[in-house]
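The values are calculated or read from the model by the stated rules, or taken from the named source; none is laboratory data. Remember, it's a predicted structure, so these values are computed and weren't measured experimentally. Reconstructed Cβ throughout: ideal geometry from the backbone, glycine too, with neighbour counts over all protein chains shown.
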Amino acid sequence: MTLREVKESLGLVACCAAEKLDQTVTGAYAGDLLSDVMAHCQEGNIWLTIQVHVNIVGVAVLKDLAAIVLVNGREPAADTLEKAIVEKLPILTSRMSAYELSGRLYSLGVGSGA
């Protein structure tokens with residue numbers, strides 16, 4: 001499944017890097033502790049988080065993630081968005097909680113990717 005298909009199926013809003021929406025999603029991971037995400041998130045995963053600071057972009061780039069999805073209606077901080085644009089990293093937003101979004105991703109066939 002592509003990131004674009006996930007976005008459209010779940011009503012996510014793309015904040016940046018729309019040119020990267022056709023990449024394949026390998027799985028998803030929900031977590032807010034950066035060290036936990038670095039240890040467990042896999043290449044091509046979507047990362048669900050409430051964190052909005054610039055360090056999330058660094059982690060996502062390090063792990064070669066497909067995208068970051070900010071949950072609970074959160075919006076990226078200005079410097080986070082700027083860094084994501086430079087790195088061509090998609091950041092999407094959702095009004096859903098991480099729990100609800102995880103369930104919907106799983107229903108779409110997006111597993112943990114592990």
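Out of all the residues in segment 17-29, is one or more without any contact (Cβ under 8 Å) to a residue 60 or more places away in the chain and under 11 Å from the mean Cα position of the chain (by Cα)?
No: segment 17-29 contains no residue that is without any contact (Cβ under 8 Å) to a residue 60 or more places away in the chain and under 11 Å from the mean Cα position of the chain (by Cα).
Can you spot a residue in segment 11-24 that is in a loop (DSSP other than H, G, I, E, B) and charged (D, E, K, R)?
The answer is yes; a qualifying residue exists.
Go through (1) over 21 Å from V6 (Cα atoms); (2) surrounded by fewer than 18 Cβ atoms within 10 Å (Cβ to Cβ) and name the single condition E100 misses.
Failed condition: (1).
Here are some residues: I50, I46, I56. Which one is over 19 Å from Y99 (Cα atoms) and among the β-branched types (V, I, T)?
I56
Determine if segment 83-94 includes at least one residue that is surrounded by fewer than 23 Cβ atoms within 10 Å (Cβ to Cβ), of a type in the set (G, A, S) and modelled with pLDDT of 95 or more.
yes
From the list I56, I85, I46, I68, which residue is in contact (Cβ under 8 Å) with a residue 40 or more places away in the chain and either assigned to a strand (DSSP E or B) or in contact with a helix residue (DSSP H, G or I) (Cβ under 7 Å, 6 or more places away or on another chain) (or both)?
I46
Considering only segment 58-74, I want to know if a residue exists there that is in contact with a Pro (Cβ under 6 Å, 6 or more places away or on another chain) and among the charged types (D, E, K, R).
No, because not a single residue in segment 58-74 is in contact with a Pro (Cβ under 6 Å, 6 or more places away or on another chain) and among the charged types (D, E, K, R).
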